[in-house]
Amino acid sequence: MEEFKIEISAKQYSSLNELADNDQTLIKQALEAAQNAYAPYSEFQVGAAVLLQNGETICGNNQENAAYPSGLCAERVAMFYANAKYPESDITTLAITAIQNGEQVKIPISPCGACRQSLLESEMRFKTDIRVLMVGKNRIIEFNSISDLLPLNFSSFNLHNVGK
Ligand code: THU
């Protein structure tokens, strides 16, 4: 038996002003997107904004459904829209935030497991790490990639190396 450690480093900010201008803009766009979420069941409005290599930004928000599992998270709405509109362009940064009871949440929003898996596909497809900005009102956490958020993941790499 051999024990090993998985280390992931992240950065933490306590104010928007500590971030670069383009990150601040992306975060503001995610917050705006959250305002347009369709979340009548959870009343938890999530907004996501993705910056693409081609300079475009695409936003998404959660879209709920009376049949709960038929809804979709903000991150996947944004990512699928981005890949549908610009299939050639990598996603470089993702910002996520949420509004609850009319206010931006304090705890930074972390993408759910299903979103992490979907976002990993984009990282693998374009061979580009996606920086993640998890945003709460006075706390922002930055991760360098989706694979950092999903250690020991299953991806196309596993399928293409079957038996090797
Ligand atoms: N949700 C997101 O859109 N993204 C996340 O990262 C976490 C959860 C949505 C799903 C559902 O509409 C609501 O937030 C409550 O879970």
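The values are calculated or read from the model by the stated rules, or taken from the named source; none is laboratory data. Please read all numbers here as calculations on a predicted model, not as lab measurements. No Cβ is skipped: glycine too gets one built from the backbone with ideal geometry, and neighbour counts run over all protein chains shown. These accessible areas exclude ligands, DNA and RNA; they are computed on the full protein's heavy atoms, side chains included. Shrake-Rupley method; radii C 1.70, N 1.55, O 1.52, S 1.80 Å.
When 153, 144 are checked against the criterion of being touching a residue at least 24 places away in the same chain (Cβ under 8 Å), under 12 Å from the mean Cα position of the chain (by Cα) and open to solvent by 30 Å² or more (accessible area, probe 1.4 Å), 144 stands alone in meeting it. Quick check: anything in the stretch 105-128 farther than 20 Å from residue 77 by Cα, touching a Lys or Arg at 6+ places or on another chain (Cβ under 9 Å) and of a type in the set (S, T, N, Q)? Scanning the stretch 105-128 turns up no residue that is farther than 20 Å from residue 77 by Cα, touching a Lys or Arg at 6+ places or on another chain (Cβ under 9 Å) and of a type in the set (S, T, N, Q). Of all residues in the stretch 74-109, those satisfying the criterion of being among the hydrophobic types (A, V, I, L, M, F, W, C) and more than 17 Å from residue 27 (Cα to Cα) are 80, 84.
Every residue, every condition in (1) open to solvent by 10 Å² or more (accessible area, probe 1.4 Å); (2) among the hydroxyl-bearing types (Ser, Thr, Tyr), yes or no:
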residue: 34; (1), (2): no, no
residue: 41; (1), (2): yes, yes
residue: 49; (1), (2): no, no
residue: 55; (1), (2): yes, no
residue: 62; (1), (2): yes, no
residue: 66; (1), (2): yes, no
residue: 90; (1), (2): yes, no
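For the stretch 108-140, a residue qualifies if it is crowded, with 21+ Cβ neighbours inside 10 Å and near the ligand (Cβ under 10 Å from one of its atoms), and the qualifying residues are 109, 111, 115, 134.
Here residue 49 does not qualify as outside any strand (DSSP E or B) and either within 10 Å of the ligand (Cβ to nearest atom) or modelled with pLDDT of 95 or more (or both).
Would you confirm whether any residue within the stretch 64-81 is within 13 Å of the ligand (Cβ to nearest atom) and part of a strand (DSSP E or B)? Looking through the stretch 64-81, at least one residue is within 13 Å of the ligand (Cβ to nearest atom) and part of a strand (DSSP E or B).
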